[in-house]
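In what follows, a structure is listed as structure tokens, so that the remarks can point back to it.
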Amino acid sequence: MKLYDSGVYMVNGKIAGEAQAQPSLNKEEARKNTIAYGILKEHNTSGNMEKLQIKFDKLTSHDITFVGIIQTARASGLERFPVPYVLTNCHNSLCAVGGTINEDDHMFGLTCAKKYGGVYVPPHQAVIHQFAREMLACGGQMILGSDSHTRYGALGTMAVGEGGPELVKQLLSQTYDINMPQVVAVYLTGSPRPGVGPQDVALAIIGKVFANGYVKNKVMEFVGPGVASLSADFRIGIDVMTTETTCLSSIWQTDEVIEEFYEIHGRKQDYKELKPGETAYYDGCVEIDLGEIKPMIAMPFHPSNTYTIDELKANLDDILAEVEKKAAVSLDNKIPFTLRDKVIDGKLYVEQGIIAGCAGGGFENICAAADILRGRSIGSDAFTLSVYPASTPIYMELAKNGVLADLLATGAVVKTAFCGPCFGAGDTPANNAFSIRHTTRNFPNREGSKIQNGQISSVALMDARSIAATAANKGFLTSAEEYEGEYKGQKYFFDSTIYENRVFDSKGIADPSVDIRFGPNIKDWPKMPPLSENLLLKVVSEIHDPVTTTDELIPSGETSSYRSNPLGLAEFALSRKDPAYVGRAKEIQKAEKAIEAGEDPVTAVPELAVILAAVGEAYPGAAEHLGIGSTIFAVKPGDGSAREQAASCQKVLGGWANIANEYATKRYRSNLINWGMLPFLIKEGELPFANGDYLFFPAIRQEVQEKAGVIKGYVVRKEGLKEFDVTLGELTDDEREIILKGCLINYNAV
């Protein structure tokens, strides 16, 4: 795999570096010939291709996010869904996890789909992204989803996963505002060797580009002769994992293979041939010979921690020692972690295999796994294997072609379409257990273990084929290349009957007479004040991990049962990273509540007496127009999920800012902004404050209004104020107004 140091031209299907190419067009004209540029241009409403204002064709959300999105939009005057909006129920599918009844949210979703003119997919029918592939994707269109793995580029649909507030904007006929992103070619040649699946290719790419940020916030455009060697399912399996590179979106050239996909699904008219122009310019290039990719494994605790399985087996002790070192950082040395106790006679033993969700639950992945396992047994020891088809139509076809029976005969368990294993609401391993999964992520504790209770398990990501080979070897890690049998290559037949029978589709017709059904755990957002003239923030958490995931900011799993209760969910914020955070944030929030009630904040928080005296000495009168809240520092927060709760939970606890060296993803920074939080940046290596310090930002409202490049802050101590600088990065005028008004709800208040 090769990364180009500079931009490249693609001329008549061949890649050449800038120095070697002899293009017929200049760079700026050739940029317009990428597939991505053409789709973005068609959806841009600004008239300026440098400053995009995008309107999407369709929206999609699942049941961890759609309640908050609709509640926010309702508070802003929503009357009907202006574009098709699909509400799937694939995350909180279980009736009760964590103490609330999830079915209440499902009934909320169904009644909202009726009232506002949407589509409702009941639990266990399809995971969000498989339904979108089967029923929503269209060539040349754009889809916005409130799940980070919203990726349908292989089908010719440019899709973006964002936090809920960005969907709210679309529901209110507003736009998605971004600078024109750079476009990076992923140039494929060759064809995969037997035993190599889409997850292997995806992990190889992630391992190459994540740490160096090569495609961060860019569009990955898959082109080249190697694309033709891949089936639609194979392309989809690579595509969905591009989220883990931190790219903005993805798009692929399309051909008769994708046309057949649409035809199989009864939507041939939605196919569109997409390919770059004769001369196209890309801002970078990842060149991949598919034939060189071997079965891969991403060791704990990140999808980019990649090795070939052969490499791991050949250097087992050294690599496991390296994993221990990384785990010590990820887990803050709070609990001992090792995988070396899994080594038996020189072989690595795993206790669990999972093939599931939007990445692993595809038809071809499951059929290939069944081919490897057919006639074998997973054994009667600790190892278990669970398979989750991504949709009921896939499940039905597996039943019809005999694959379901083949899997069950081995001792594997085949379950319904459910995203639970991906985020800790299903198949949580035992303490100290090791799980291998064809799913999307392997962040710390994401699989459901609870470090605060002394329970730790871990996940490695692998392709379904090597998971099946390991299962056939009764839990001892095995590469699918060791399987010498044949793959049947079963043909897929899509049966839409189950959707016709069970999915509610309003056909875009709203029925205002429908009453929304609220469960007792569905709460409105608390009132949020506008940004004050001056701001005093207490640092209530300090995180120095290289990257902080959204799962560490607000845990997934059983906590998600409070997803519709802003204050209830906020009680879990940072609980696995900094259990004291909530208490610290709530303590300083008492001061802001006192101010709102017309009371003295010092009465609520006595330690403020010294702090306010120091501020008053330097800035007389500042206390008369002062907001008081909390902030956290993290080196690089926001990798992972698009869940807006990572930001909103801080906000409802009185958070007014994050301070970071860099934001891991655009979507997390957007979530901060849309919840009225200041996305401060501070230079790496400059940290003049510590956990527990107070920071004062005089005239912060004016600084935001006047687009100050550098903002002066002060660490407040008894002996006086110590100056430091922060910046806000680029903000649109609308984003500034959202921050000034306190949140998107206030911005759209009617």
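Read-outs throughout are calculated quantities, based only on the coordinates presented, and are distinct from any laboratory measurement. Since this is a predicted model, take the numbers as computed values, not measurements. Cβ sites come from the backbone with ideal geometry, for glycine too, and all protein chains shown count toward neighbours.
Only the Cβ atoms of Lys and Arg (+1) and of Asp and Glu (-1) were treated as charged; on that basis the dipole of the chain about its Cα centre amounts to roughly 720 debye.
Figure legend: label point modelled 7 angstrom from the Cα of Asn501 along Cα→Cβ; residues of segment 382-415 with amide N under 19 Å from it are 389-402, 404-405, 415. In this Cβ point-charge picture (+1 for Lys and Arg, -1 for Asp and Glu), segment 464-607 has a dipole of about 360 debye about its Cα centre.
If a/c stays under 1.5 just call it rounded; otherwise compare a/b with b/c (prolate if a/b is bigger, oblate if not). Do that for segment 243-350, with a ≥ b ≥ c from the square roots of the Cα gyration tensor eigenvalues.
Because a/c hits 1.5 or more and a/b exceeds b/c, segment 243-350 counts as prolate.
Could you work out the Kirkwood radius for segment 296-497, taking every pair of different alpha carbons, averaging 1/r and inverting it, reported in Å? Present the calculation step by step, with values, prior to reporting the outcome.
Numbers: mean 1/r = 0.0588 Å⁻¹.
Answer for segment 296-497: a Kirkwood hydrodynamic radius of 17.0 Å.
Lys/Arg Cβ at +1, Asp/Glu Cβ at -1, dipole of the chain taken about the Cα centre: which of Ile456, Ala368, Leu167 is farthest positive-ward? So the residue we want is Leu167.
Grab the Cα-Cα distance for Asp255 and Thr338, subtract it from 0.36 nm times how many residues apart they are, and report the gain in nm with one decimal.
Working: separation 83, 0.36 × 83 = 29.88 nm, distance 4.66 nm.
Contour length minus the Cα-Cα distance gives 25.2 nm.
Close amide H pairs (under 5 Å, H built 1.01 Å from N) link Gly284 with Val8, Ala185, residues at least 5 positions away or on another chain.
On the principal axes of its alpha carbon atoms, segment 667-728 extends 37, 23, 20 Å, with the longest extent given first. Cβ crowding within 10 Å ranks Val615, Val403 as Val615, Val403, fewest other Cβ atoms first. Fully extending the segment from Ser191 to Glu324 would add 44.4 nm, taking 0.36 nm per residue of separation and subtracting the current Cα-Cα distance.
Using the Karplus relation 6.51 cos²θ - 1.76 cosθ + 1.60 with θ = phi - 60°, the per-residue 3J(HN,Hα) values for segment 47-60 come to x, 10, 6, 8, 10, 7, 10, 8, 10, 8, 7, 8, 10, 8 Hz, with x marking Gly and Pro. Full extension of the segment from Asn431 to Ile264, taken as 0.36 nm per residue of separation minus the current Cα-Cα distance, would add 55.7 nm. Overall shape: oblate for segment 56-174, with the ratio a/c of the largest to smallest alpha carbon gyration tensor axis at 1.5 or above and b/c at least equal to a/b. In the chain, a dipole from Cβ-located charges (positive for Lys and Arg, negative for Asp and Glu) runs towards its positive end, and of Phe108, Met49, Pro194 it is Phe108 whose Cα lies farthest in that direction.
Can you classify segment 391-544 as rounded, prolate or oblate using the Cα gyration tensor, where a ≥ b ≥ c are the square roots of its eigenvalues, rounded means a/c under 1.5, and otherwise it's prolate if a/b beats b/c and oblate if not? Oblate, because a/c is 1.5 or more while a/b does not exceed b/c.
If you filter segment 447-515 for trypsin sites (Lys or Arg not before Pro), then keep DSSP loop positions with at most 15 other Cβ within 10 Å, what is left?
Numbers: sites: Lys450, Arg465, Lys474, Lys488, Lys491, Arg502, Lys507; in loops: Lys450, Lys474, Lys488, Lys491, Lys507.
Passing sites in segment 447-515 are Lys488, Lys491, Lys507.
Which of the lysines could a cross-linker span from Lys538 if the Cα-Cα distance has to be under 22 Å and same-chain partners fewer than 8 positions apart are dropped? Reachable lysines: Lys527, Lys577, Lys586, Lys590, Lys593, Lys636, Lys651, Lys683, Lys712, Lys718, Lys722, Lys741.
Can you pull out the trypsin sites (Lys or Arg not before Pro) in segment 674-750 whose DSSP state is coil and whose Cβ has at most 15 other Cβ atoms within 10 Å?
Listed in order of number, the matching sites are Lys683, Lys707, Lys718.
Between the alpha-carbon centres of segment 673-748 and segment 64-91 there is a gap of 30 Å. Using only Cα positions of segment 210-285, each an equal point scatterer, no hydration layer, compute I(q)/I(0) via Debye at q = 0.18, 0.20, 0.27 Å⁻¹ and quote the log10 values to two decimals. Evaluating at q = 0.18, 0.20, 0.27 Å⁻¹ gives log10 I(q)/I(0) of -0.82, -0.97, -1.31. When its C-alpha radius of gyration is set against 2.2 N^0.38 Å (N residues), segment 534-747 gives a value of 0.95.
Counting other beta carbons within 10 Å of each residue's own, what order do Asp289, Asp515, Asp545 fall into, fewest first? Display every interim value, and only then the final one.
Details: Asp289 14, Asp515 8, Asp545 17.
Least to most surrounded, the residues fall as Asp515, Asp289, Asp545.
Overall, segment 296-497 carries a charge dipole of about 500 debye about its Cα centre when +1 sits on the Cβ of Lys and Arg and -1 on the Cβ of Asp and Glu, all other atoms neutral. Projecting the Cα atoms of Ala480, Ala657, Ala280 onto the charge dipole of the chain (Cβ charges, centred on the Cα centre) puts Ala657 farthest toward the positive pole. Dividing the C-alpha radius of gyration of the chain by 2.2 N^0.38 Å, with N its residue count, gives 0.94. Taking label positions 7 Å along the Cα-Cβ direction at both Glu533 and Asp725, the computed distance is 2.7 nm, reported to one decimal.
With N the number of residues in segment 636-750, Rg(Cα) / (2.2 N^0.38 Å) evaluates to 1.06.
Using only C-alpha positions, report the orientation-averaged shadow area of the convex hull of segment 551-592, nm², one decimal. Show your work: numbers first, answer last.
Numbers: hull surface 11.8 nm².
Average projection, Cα convex hull of segment 551-592: 3.0 nm².
Give me, ordered by chain and number, the residues 5 or more places off Lys538 or on other chains with an amide H under 5 Å from its own placed amide H. For Lys538, whose amide H was placed from the backbone, the distant partners under 5 Å are Gly629, Ser630, Thr631, Leu695.
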